[in-house]
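Please read the structure below before turning to the comments.
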Amino acid sequence: PTEPEHVRSTSHDAPARPELHPTMLRRFLAYYKPERGLLIADTVCALVIAGIDLAFPSILRALTGGLFMEGRNAILGALGYIALGLVVMYLVRMGCRYFVSAQGHIMGARMESRMRQDLFDQYERFCFTYFDRVNSGDMMSRVVNDLFDICEAAHHVPEWIIICGVEIIGAFIILATISPVLTGVMALVTAVFVVIMVRQNLRMREVFADNRRKISEVNSQLQDSLAGMRVVKSFANEGTERAKFRHSNARYLDSKVAQYHAMGAYQATSALMTGALFTVIVVVGGLLVAQGSMTAVDMATFALYISLFTTPIETLVNSTENIQKAIAGFKRMDEVMLTMPDIEDAPDARPLKVTDGAIEYRDVCFSYEDEELGSDRAGRPVIDHLNLSIRPGETIALVGPSGGGKTTTCSLLPRFYDVTSGAITIDGQDVRSVTQESLRQAIGLVQQDVYLFDGTIGENIAYGRPDATPDEIVEAARRANIHAFIESLPDGYDTVVGERGSRLSGGQKQRVAIARVFLKDPAILILDEATSALDNESEEAVQESLERLARDRTTIIIAHRLSTIKNADEIATVERGRVVERGTHEELLERDGTYARYYRMQFEGARAGSSLR
Ligand code: ADP
Ligand code: MG
């Protein structure tokens, strides 16, 4: 009755992320919010630039059409003021240009940086099911490559839309006052081209999205080959890996080629538009001048405005490329942001209070397959009505066939996965009702493969508790039987371990991992095949420190060498996701069940081995 079955559903409407607007565009625009001041200043500067650019041909027209016709004295008298006016105007324009370029880009970079952080934070929120499913190269790609174009687009787009929009509309209005007929014809020609370009533009969007997927494939392939380089080398499979990489690299190239075809077509259309407009001016303008309904100066003004008119259109055309790229990137980020973490703290989650360290698995069922995905193995139970209660401070060993569900049983305790039904409690508190942070603080985990971060040995030990003092680190290392070894290194605790700890042996890495857990000092301990990968000699050293670690803590130990668990208070055999028998070593031998069979197998194996020597 105390089972919080509701946790799964309510965790979904917990106030997890701010600013989740219904549409992607609104979510994008939300990133402008903190930059409001900068965006306004940027906009004003962009407007000033547009205004000045727009004014210049008109000023020239006024001068040539008016002042310059009035004779030498009038020109000389006014020229000084005109020059001063122009200089001031262009200095202001220069200042604005600087602001737009520098501050605008900085604003874009800040938005990009915040998005990157948000995406990283989101990845940190996900739980094991997500990382089981998603490739790390793909994640890298989304965080790094996909956000590259955001900065450019974020600041140029408003600027371009404003400057170009004002210039195009302004130019049209000015031209319309000069010659409505010629302007009308130009507008018609422009409209035809814009329609064509918009259609080409839609095609570009697909191409850019494809680009993103292909570069992500390259990244995934790269990440997989590099991370597995030692395996690659040991199988002498460099050729296979090269071929795989060549394949994804070639697919990326194909996608790029498609991109440049699309871009070329686009640029060609825009170039043709400029030519078409000039032709219209010459032909239609010429007709109008010949008719006497327009002066030659006005026609020249049209030609001047043409560049003021086609340049922004071309800029807008080109900017769509940036916009499309940014959209493609933001969309891939957005997909991740919209994914709900499977496991979240319940809204009323409290910190776990460990009083004794009693653990209880009550009728627990679990399967890895997501039912929603409808896989053919959907819902295959890995844990099947498992019951297990562990007394405070007890060391219980789980034994059983490989794939029987021992590791899975342990993964459910720190809530790496949530049970499908049933419940797991620690001192009476359901693990789903407490905060994940407090829960995982209370549990220490030592596994077969140890992950060390690239850094020093000292830093890696301190990972167990980042605020540990150097003395505490040394003490932890001592208890983990690794202090003497570290001292023997030339750089001691400052020795760099290499990526994934590649410069340490398996036993050394394992002891660093144990030292970490000593520092963390959890009330509950899980040892999952912690010594299985080690040779006999290092196993002994590790075993001793593990026994020290397990003292006074509730401990679940999984080991396939039964000699290492003989001293456990109790042993439970796990088969097909169930506890099939349970008792002390002696009791189980007497019972003559699965455990007894295993034990005899290993015991006789060892005897046979020793008699061979
Ligand atoms: P044990 O530790 O007893 O060897 P596990 O708990 O690791 O067994 O595995 C139990 C079953 O669950 C196995 O059939 C295994 O294939 C499956 N399994 C383990 N981890 C995953 C996972 N992350 N995703 C899907 N299936 C898994
Ligand atoms: Mg296992």
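The values are calculated or read from the model by the stated rules, or taken from the named source; none is laboratory data. Computed from a prediction, not measured in an experiment: that's the story for all the values here. Methodologically, a virtual Cβ is constructed for each residue, glycine included, from the backbone with ideal geometry; neighbour enumeration extends over all protein chains shown.
Miscellaneous remarks
- Looking across the stretch 383-403, the residues that are within 14 Å of ligand 1 (Cβ to nearest atom), on the phi < 0 side of the Ramachandran plot and surrounded by 21 or more Cβ atoms within 10 Å (Cβ to Cβ) come down to 383, 386, 397, 398, 399.
- Here the stretch 427-451 is the region considered, the condition is being away from ligand 1 (no atom under 13 Å from the Cβ), within 31 Å of the chain's Cα centre (by Cα) and among the polar types (S, T, N, Q), and the residue that is surrounded by the fewest Cβ atoms within 10 Å (Cβ to Cβ) is 435.
Yes or no, residue by residue, for (1) in contact with a Leu (Cβ under 8 Å, 6 or more places away or on another chain); (2) not assigned by TED's automatic domain parsing to the domain that holds residue 418:
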residue: 322; (1), (2): no, yes
residue: 326; (1), (2): no, yes
residue: 329; (1), (2): yes, yes
residue: 360; (1), (2): yes, no
residue: 363; (1), (2): yes, no
residue: 366; (1), (2): yes, no
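- Residue check, residue 507 small (Gly, Ala, Ser), within 16 Å of ligand 1 (Cβ to nearest atom) and buried (at least 18 other Cβ atoms within 10 Å of the Cβ): no
- The selection criterion, being at negative phi, modelled with pLDDT under 95 and buried (at least 22 other Cβ atoms within 10 Å of the Cβ), holds for residue 480.
- Residue ID - farthest from ligand 2 (Cβ to nearest atom), chosen from residues in the stretch 421-444 that are at positive phi and in a loop (DSSP other than H, G, I, E, B): 428
- Residues of the stretch 138-150 that turn out to be out of contact with any Lys or Arg (no Cβ under 8 Å at 6 or more places or on another chain) and buried (at least 22 other Cβ atoms within 10 Å of the Cβ), as a count: 1
- The single condition from (1) outside any helix (DSSP H, G or I); (2) among the small types (Gly, Ala, Ser); (3) closer than 30 Å to residue 143 by Cβ that residue 293 fails is (3).
- Options 210, 146, 132; residue that is within 30 Å of residue 407 (Cα to Cα), of a type outside the set (Gly, Ala, Ser) and either in a helix (DSSP H, G or I) or outside the structural domain of residue 319 (by TED's automatic domain parsing) (or both): 132
- For the stretch 318-346, a tally of residues being over 30 Å from residue 258 (Cα atoms) and modelled with pLDDT of 90 or more returns 0.
- Being over 28 Å from residue 442 (Cβ atoms), buried (at least 18 other Cβ atoms within 10 Å of the Cβ) and within 16 Å of ligand 1 (Cβ to nearest atom) is not true of residue 575.
- Counted residues, the stretch 383-420 - those being of a type in the set (Gly, Ala, Ser), over 14 Å from residue 360 (Cα atoms) and away from ligand 2 (no atom under 15 Å from the Cβ): 0
- Test: residue in the stretch 98-111 that is touching a Leu at 6+ places or on another chain (Cβ under 7 Å), closer than 30 Å to residue 36 by Cβ and in a helix (DSSP H, G or I): yes
- Qualifying position, being closer than 30 Å to residue 501 by Cβ, aromatic (Phe, Trp, Tyr) and without any contact (Cβ under 8 Å) to a residue 24 or more places away in the chain, among 245, 235: 235
- Filter pass, residue 486 being in contact (Cβ under 8 Å) with a residue 12 or more places away in the chain and in a strand (DSSP E or B): no
- Of the residues making up the stretch 1-50, those that are modelled with pLDDT under 50, hydroxyl-bearing (Ser, Thr, Tyr) and either surrounded by 13 or more Cβ atoms within 10 Å (Cβ to Cβ) or part of a helix (DSSP H, G or I) (or both) number 3.
- Single residue of the stretch 364-382 satisfying the filter (exposed (fewer than 13 other Cβ atoms within 10 Å of the Cβ) and of a type in the set (D, E, K, R)) that is modelled with the highest pLDDT: 380
- Flag if residue 283 is under 30 Å from residue 52 (Cα atoms), assigned to a helix (DSSP H, G or I) and over 43 Å from the mean Cα position of the chain (by Cα): yes
- Among the residues of the stretch 531-565, those that are touching a helix residue (DSSP H, G or I) at 6+ places or on another chain (Cβ under 9 Å), away from ligand 1 (no atom under 16 Å from the Cβ), outside any strand (DSSP E or B) and not basic (Lys, Arg) comprise 534, 535, 537, 538, 539, 541, 542, 543, 545, 546, 549, 563.
- Those residues of the stretch 176-193 which are touching a residue at least 40 places away in the same chain (Cβ under 8 Å) and under 50 Å from the mean Cα position of the chain (by Cα), in sequence order: 186, 189, 190, 193
- Looking only at residues of the stretch 410-426 that are within 14 Å of ligand 1 (Cβ to nearest atom) and over 17 Å from residue 132 (Cα atoms), we find that the one that is surrounded by the most Cβ atoms within 10 Å (Cβ to Cβ) is 413.
- Residue match in the stretch 368-382 (condition: more than 30 Å from residue 105 (Cβ to Cβ), in contact with a strand residue (DSSP E or B) (Cβ under 9 Å, 6 or more places away or on another chain), within 14 Å of ligand 1 (Cβ to nearest atom) and assigned by TED's automatic domain parsing to the domain that holds residue 577): yes
- Taken over the stretch 401-416, residues that are of a type outside the set (A, V, I, L, M) and outside any helix (DSSP H, G or I) amount to 8.
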